[in-house]
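Asker: Mind looking over this structure? Questions follow.
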Amino acid sequence: MQNKEWFKQAQFGMMVHWGLYALPAGEWKGRRMSYIGEWIQSRYRINNAEYGQLAQAFNPIAFDAEEWVKLVRDSGMKYLVVTSKHHDGFAMYHSKVDKFNIVDATPFKRDVIAELAEACYKYGVKLGLYYSQELDWREPNGGGYTAEEDNFGMSWTNDWDFPDNDTKDYSQCFENKIKPQVEELMRNYGDLLLIWFDTPFTISREQSDELYRLVKQYQPDCLINSRIGNDVGDYHSWGDNEIPDEYMSDGLFETPATLNDTWGYKSFDQNWKSAEEVLRLKHHLNTRGINYLLNVGPDYLGRIPGPSQDILRKVGGAIR
Ligand code: JFZ
């Protein structure tokens with residue numbers, strides 16, 4: 001079966017936001033952020049030298065790819081989408097393009113994307129990778145500098161290390177980091193169900209098209225979400241936590257959603273949805289032709305929070 005048909009009937013997937021931001025867990029120098037945890041670097045305008053030190057402390061010895069994938073299955077989910085690189089620019093896989101990655105920059109030295117790809121294959125779960133193609137706070141020419149939308153007062157682009165937005169040129173970042181890293185993801189982790197791009201602002205139509213072709217060159221069947229930008233892509237990602245009332249007949253759709261109020265782990269966010277609420281949302285979306293991509297945020301040791309596991313197992317028990 002082609003990924004398109006498979007995706008249409010999949011209905012339920014797990015999203016994982018995991019990266020260096022799991023260490024501060026929403027808290028920086030005695031301040032607690034109210035916004036989503038993976039945005040902590042922008043929220044507190046933490047410079048790259050200081051943020052980068054988190055890598056030296058990242059040693060998630062409780063990480064077990066098979067445990068995560070078994071939870072996907074126990075929850076009645078069919079696919080897994082995990083952050084291979086979020087806006088902070090840190091690769092959760094072994095990249096030859098940039099040393100700022102989990103193998104070269106941490107004491108952990110394990111390629112967690114490779115381990116998850118193996119576990120997914122073993123348990124019959126399909127794998128997708130989130131990759132931030134536009135925002136990259138590590139890069140002097142990372143995108144987002146043309147964005148006009150307010151973002152709870154936070155900057156989209158890294159204007160704390162690199163304040164001169166007028167001289168930024170996203171094409172430098174696109175050519176030297178984004179394209180070669182996406183190529184690595186397409187070549188090194190087996191067959192992917194999808195690649196999940198995000199927050200397009202500065203990326204041009206030509207660049208979205210080029211990225212689309214790059215993915216398909218290596219993996220013709222890999223689906224691409226609409227957040228690649230400029231109306232390119234194979235399926236529509238609704239807004240975060242968006243629950244539309246329309247009934248979708250043609251096309252492929254997905255809503256990414258949180259289980260509490262953050263994507264990346266925050267120790268003090270305990271505002272969990274109940275299993276009943278998750279089942280209600282799932283039913284609402286699925287009956288309208290929309291897949292439900294429900295997020296967990298593992299902690300700094302690689303553990304999926306207990307409350308998330310409890311809710312998801314309850315959900316899984318109810319839909320089988
Ligand atoms: C984005 C990311 O910034 C966030 O960290 C998370 O990965 C989520 C799934 O996707 O969130 C967004 C996306 C779009 C907007 C704001 C936040 N927007 O258009 O205002």
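Asker: For region 12-27, how many residues are surrounded by fewer than 21 Cβ atoms within 10 Å (Cβ to Cβ) and either farther than 22 Å from Asn101 by Cα or free of Cβ contacts under 8 Å to residues at least 12 places away in the same chain (or both)?
Answerer: Adding up the residues that qualify gives 1.
Asker: What is the one condition in (1) buried (at least 16 other Cβ atoms within 10 Å of the Cβ); (2) within 16 Å of the ligand (Cβ to nearest atom); (3) under 21 Å from Ser42 (Cα atoms); (4) not aliphatic (A, V, I, L, M) that Asn101 does not satisfy?
Answerer: Single failed check for Asn101: (2).
Asker: Taking region 40-58 as the region of interest, how many residues are over 15 Å from Arg138 (Cβ atoms) and assigned to a helix (DSSP H, G or I)?
Answerer: 3
Asker: Let me ask you something else. What about Lys96, is it among the charged types (D, E, K, R), more than 15 Å from the ligand (Cβ to nearest atom) and free of Cβ contacts under 8 Å to residues at least 40 places away in the same chain?
Answerer: no
Asker: Something else about it: Only residues in region 306-320 that are in contact (Cβ under 8 Å) with a residue 40 or more places away in the chain and under 10 Å from Val72 (Cα atoms) count as the first member; pair them with residues that are open to solvent by less than 20 Å² (accessible area, probe 1.4 Å) and in a loop (DSSP other than H, G, I, E, B), Cβ under 6 angstrom, at least 6 apart or cross-chain, and list the lot.
Answerer: Leu312/Ser75; Gly316/Ser75; Gly316/Gly76
Asker: Name the residues in region 282-307 that are assigned to a helix (DSSP H, G or I) and away from the ligand (no atom under 16 Å from the Cβ), would you?
Answerer: Correct list: Lys282, His283, His284, Asn286, Gly306, Pro307.
Asker: Restricting to region 250-265, give me the number of residues that are touching a strand residue (DSSP E or B) at 6+ places or on another chain (Cβ under 8 Å), open to solvent by 10 Å² or more (accessible area, probe 1.4 Å) and not small (Gly, Ala, Ser).
Answerer: Count: 3.
The values are calculated or read from the model by the stated rules, or taken from the named source; none is laboratory data. The model shown is predicted, which means the values in this text are computed figures rather than measured ones. Please note: Cβ atoms are built from the backbone with ideal geometry, for glycine as well, and neighbour counts cover all protein chains shown. All accessible areas refer to the heavy atoms of the entire protein, side chains included, with ligands and DNA or RNA removed. Shrake-Rupley method; radii C 1.70, N 1.55, O 1.52, S 1.80 Å.
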